[in-house]
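J.: Below are the structure tokens for one structure; questions will follow.
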Amino acid sequence: MPDDARQSELYDKGLAMRREVLGAEYVDRSIANADAFNQPFQKLVTEWCWGEIWSRPGLSKKMRSMINLAMLTALNRPNEVRLHVRGALNNGVSREEIQEVLLQTTVYCGVPAALESFKIAAEVLKEEDAKRR
């Protein structure tokens, strides 16, 4: 398969996975807002992260979401934590499981990093509750 065809296949597969996990509205907005400077980044993330890695059969989307929450907490990346709490909910991670992941990260990543993620997760959960009303 030519490289361009493989990349196109990975992009399509990645775009579908990215929309499924993060929500089509968010993903479509990210892609639409890409300019000449960051468009290559959007393409790379869609192909590599979502098409190549998230689409692999070795772990469930639920497990990948839980791992992401732990890693993003460890890296202290609040914007990505917010995004991936929503993704985790979309992937069937329960509130209790999110809580347990963040408690686990408290011990291994430190209180300040986990505290930030707990605050963000609580905000996202409240927003999701408000949508249901």
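J.: Hey, among the residues in the range 37-70 that are within 19 Å of Val85 (Cβ to Cβ) and of a type outside the set (A, V, I, L, M, F, W, C), which one's surrounded by the most Cβ atoms within 10 Å (Cβ to Cβ)?
T.: For the range 37-70, the residue satisfying everything is Ser65.
J.: On the basis of being modelled with pLDDT of 95 or more, farther than 23 Å from Ala24 by Cβ, small (Gly, Ala, Ser) and within 12 Å of the chain's Cα centre (by Cα), does Ala70 make the cut? Walk me through how you get there before you give the answer.
T.: Working: modelled with pLDDT of 95 or more: yes; farther than 23 Å from Ala24 by Cβ: yes; small (Gly, Ala, Ser): yes; within 12 Å of the chain's Cα centre (by Cα): yes.
Considered against the rule, which asks whether it is modelled with pLDDT of 95 or more, farther than 23 Å from Ala24 by Cβ, small (Gly, Ala, Ser) and within 12 Å of the chain's Cα centre (by Cα), Ala70 comes out as yes.
J.: If you go through the range 47-65 one residue at a time, how many are of a type in the set (Gly, Ala, Ser) and within 12 Å of Lys13 (Cβ to Cβ)? Walk me through it before giving the result.
T.: Kept after step one, since they are of a type in the set (Gly, Ala, Ser), are these residues of the range 47-65: 51, 55, 58, 60, 65.
Remaining after also requiring within 12 Å of Lys13 (Cβ to Cβ): 51, 55.
Total meeting the criteria: 2.
J.: Can you run down the residue pairs with Cβ atoms below 8 Å, 6 or more apart or on separate chains, where the first is in the range 103-125 and outside the structural domain of Asn76 (by TED's automatic domain parsing) and surrounded by 13 or more Cβ atoms within 10 Å (Cβ to Cβ) and the partner is basic (Lys, Arg) and part of a helix (DSSP H, G or I)?
T.: none
J.: Could you tell me which of the residues Asn76, Asn90 is in contact (Cβ under 8 Å) with a residue 60 or more places away in the chain, in the same structural domain as Asp129 (by TED's automatic domain parsing) and surrounded by fewer than 19 Cβ atoms within 10 Å (Cβ to Cβ)?
T.: Within the list Asn76, Asn90, the selection yields Asn90.
The values are calculated or read from the model by the stated rules, or taken from the named source; none is laboratory data. Just so it is clear, the structure is predicted and the values come from calculations on it, not from any experiment. Cβ atoms come from the backbone with ideal geometry, glycine included; neighbour counts cover every protein chain shown.
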